[in-house]
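Data block below; observations after.
Computed from the coordinates by the stated procedures, all read-outs in this text should not be read as laboratory data. It should be emphasised that the depicted structure is a prediction, and the values quoted were computed from it without experimental measurement.
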Amino acid sequence: MECQSILQDLSLFLDRELALRRDREVHAHLQRCSGCQATLQELERNRDLLAALPRVPLPPALFGRVVAEVSRAAPRTRLLVPPRPHRHLVRRALAAAAVILVLFLTALTVLGYYSEEPGLDVAGQPLVNRHALDSGAPLMGEPPLWVPASYVPGEVETWP
Amino acid sequence: MDRQQLSADSYEAIYEEYAPFVYNLAYRYTGNRAEAEDLTQEAMVRVLRFLDSFKGGAFRSWLYRIVTNLFLTRLRRERRLPRQSLERVLSNGEVLEEALPDRSEDPAEIVEQTGIQDHVQSALGALPENYRTALVLRDVEGLTYEEIAAALDIPIGTVRSRISRGRDLFRTELGRSQKAGIN
């Protein structure tokens, strides 16, 4: 059981990456355990083999290919942070446009509804404010109720 | 490094200084000269084109990160098309594919000289990429644990476990490779 725990830390022991106390424990164990000692030696040998791998010579023609590729490259873009459209600006512009549109439509509706200026009916005849006909003057706060100029107060309204 | 000063000459200077190191790293990752060339070309093109992305600090760490990310991306993309390397790198740095036509050397001597390195590269190539990159950076390139954490953008605890596990796996794979070579 102790060997299993030691073996897990042998790589860190090899690199002197263990905390001092644990390092001493592993060291003490290695003094009396030939099996773990052999594993450590194998790890050390493998590390040396990897470190001794020869450097591979760079192919001479590669530079020309790199330069050609760099020259041919499209306009510069960033490597680690690729360019992105300014999405927040687009979103803000769309929101502003929506607000303006809503305000415009509301204004049209409200101005039309509360307008003091009479319009024309479908036949092109002028309209008058019925409140003004009923009471002699527009009621405060009441929206105008446009009716044909031929409207007579008190008459029963009939619709064609 | 001031980007304003960059010119064709400085490109060449940067290339000459760093490309050999990038190529070597790429070769140890891929175990294949053609793939290492492609990887080096892609990495160096990015380095030269995006030099202004470099925020300062350790230039090599930036390079390690570019090469490693490119390697991992390519590996994942090409996983469906595994290729077997037929090359060997001699102790003097020559590639065996080029050295073989030279009959002045005794083939048996070449095999003896390169045999263990073949097994080492083969065992390295058999490791899952996360362990392979950590082990190459640590034992081939000699980076510290902190440098590896920065290069791979992973916590140092992950670096410790990947190196530890990577060495265990490498030990097993090397033994397997040597055993297969004897048989």
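Amide H to amide H under 5 Å from residue A:128: which residues, 5+ apart in sequence or cross-chain, H placed 1.01 Å off N in plane?
A:147, A:149
Pop out the ³J(HN,Hα) list for region A:10-22 in order, Karplus 6.51 cos²θ - 1.76 cosθ + 1.60 with θ = phi - 60°, rounded to Hz; leave Gly and Pro as x.
So the J values, rounded to whole Hz, are 5, 5, 5, 5, 4, 8, 6, 10, 7, 5, 3, 5, 5.
Using each residue's phi in region B:169-174, evaluate 6.51 cos²θ - 1.76 cosθ + 1.60 at θ = phi - 60° and report the 3J(HN,Hα) Karplus result to the nearest Hz, with x for Gly and Pro.
Working through the residues one at a time gives 5, 4, 4, 5, 5, 5 Hz.
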